[in-house]
1. Rounded to the nearest percent, how much of the accessible area of the chain (1.4 Å probe, protein heavy atoms only) is carbon and sulfur?
2. Given N residues in the range 97-155, what is its alpha carbon radius of gyration divided by 2.2 N^0.38 Å?
3. Between T143 and K289, what is 0.36 nm times their sequence separation minus the Cα-Cα distance? Round to one decimal in nm.
4. What order do L150, L180 take when sorted by accessible area (1.4 Å probe), most exposed first?
5. Kindly provide the GluC sites (Glu not before Pro) of the range 68-141 that DSSP labels as loop, not H, G, I, E or B, and whose Cβ sees at most 11 other Cβ atoms within 10 Å.
6. Tell me, what is the per residue accessible area of the chain in Å², probe radius 1.4 Å?
7. Once the Cα atoms of helix 255-265 and of the chain are each reduced to a long axis, what angle between those two axes, in degrees from 0 to 90 to the nearest 10, is obtained?
8. Put +1 on the Cβ of each Lys and Arg and -1 on the Cβ of each Asp and Glu in the chain; which of S211, Y172, A76 then has its Cα farthest toward the positive end of the dipole?
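The values are calculated or read from the model by the stated rules, or taken from the named source; none is laboratory data. Keep in mind it's a predicted model, so treat the numbers as computed, not measured. All Cβ positions, even for glycine, are placed from backbone atoms using ideal geometry, and neighbour counts span all protein chains on display. All accessible areas refer to the heavy atoms of the entire protein, side chains included, with ligands and DNA or RNA removed. Shrake-Rupley method; radii C 1.70, N 1.55, O 1.52, S 1.80 Å.
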Amino acid sequence: IGYIMPKVLISGASGFIAGHCILEMLSHGYEVRGTLRDSARGEAIKAILADYTDRIDALEFVSADLMNEASWVEAARGCDSILHVASPVPVVQPEDEDDVIVPAKTGTINVLKAATASGIKRVVLTSSVAAVTSGSRDSGTFTDQDWTDLSRNDLSPYVKSKTVAERAAWEYAKQHDLELVAINPALVLGPALEADYGSSLEALYLLMRGSYPILPKLGFEIVDVRDVAILHRLVLETPEAAGNRYMCANGFRWFVDIAKTIKTEHPRLKIPTQEMPNLVAKIAGVFLKEIKQFLPDLGRVKAIDNSPALAIGWQPRDADIAIRDGAQSLIDLKVV
Ligand code: NAP
């Protein structure tokens, strides 16, 4: 009788990860307010999400832009917690790094200020392993103790943006007694909810379209988007998670492994499964902007220690499931 479920604000509701976070929170009884830059997209996004939940009426949208401080104060009013997922995720890195760094950092601070103004105690920040794995060493296993070193001169604008934003968030939380939790996902795969699938399935798309004849020796820790969403909810609901960073990954795969996994499921697709020598990849990187940003990591194994997340009950599915279900969704949605 009259019991009102907590309301969670989820920023960037049009995005790949945020869409799954919305579904995860709805399926656990929360009221959800999602933010959109372009509120005209609300009805269309609702129609897409409605296929995956029977609680669509518990979802509302408001408009907010990372660069507009007032929009966040308005958006946060009446909410109990925030998942701050929105940040620029460019497929191709911009000429001017501030195009991504400034909105990432300013937006994060705007969201945290709005939390303070509304008396919200806990904010979950979707950071990235980008803020973790480019520090003093370039291979091995990385933990929540590792930080990307901003003084390095080989960082992409995106990597810098995630590092700067997370650093700023911890600084703000310390000064304002806010319960911040960071989640640092690796490459997020798993099912797209709509044909406009966002940036992170681009690698699968390019593979499945046969865009490259051979593959650079690049490897990534991978995590399924559904498990990323579950971890967002878990850290919100776990009191002792406050103040921690949670590395969010479940298995390292080379590009060639990813290609072979998809090829096994879809033998008719022309998927390359041969690796190119690193020198060739470096030359290709001069011409292909999508590859250029990854060149520093050619041949490197950057593994992730996910044990703190496991310790709070996270049970991620295997990386191969994330690959397979991501690929299948692109076929089901007729993207490939
Ligand atoms: P995505 O689908 O591209 O979503 C990004 C979201 O951010 C979109 O909703 C976008 O809104 C919003 N956004 C960007 N600039 C904005 C601005 N100026 N004002 C308001 N909203 C803005 O990417 P995603 O993969 O879901 O990424 C979500 C978060 O996860 C990001 O913080 C990203 O850094 C992090 N992450 C992603 C991965 C991955 O592999 N995907 C890995 C680690 C971390 P519009 O639709 O209006 O553009």
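1. On the way: 7570 of 14830 Å².
Answer for the chain is 51 percent, counting heavy atoms of protein chains only.
2. Numbers: Rg = 14.5 Å, N = 59, 2.2 N^0.38 = 10.4 Å.
Taking the Cα Rg and dividing by 2.2 N^0.38 Å, one obtains 1.40.
3. Details: separation 146, 0.36 × 146 = 52.56 nm, distance 2.95 nm.
Full extension from T143 to K289 adds 49.6 nm.
4. Details: L150 75, L180 5 Å².
Ranked list, largest accessible area first: L150, L180.
5. Working: sites: E69, E74, E95, E97; in loops: E95, E97.
Here the GluC sites (Glu not before Pro) that fit, given the DSSP loop and packing criteria, are E95.
6. Values: 14830 Å² over 336 residues.
That works out to 44 Å² per residue.
7. Value to nearest ten degrees: 90.
8. S211
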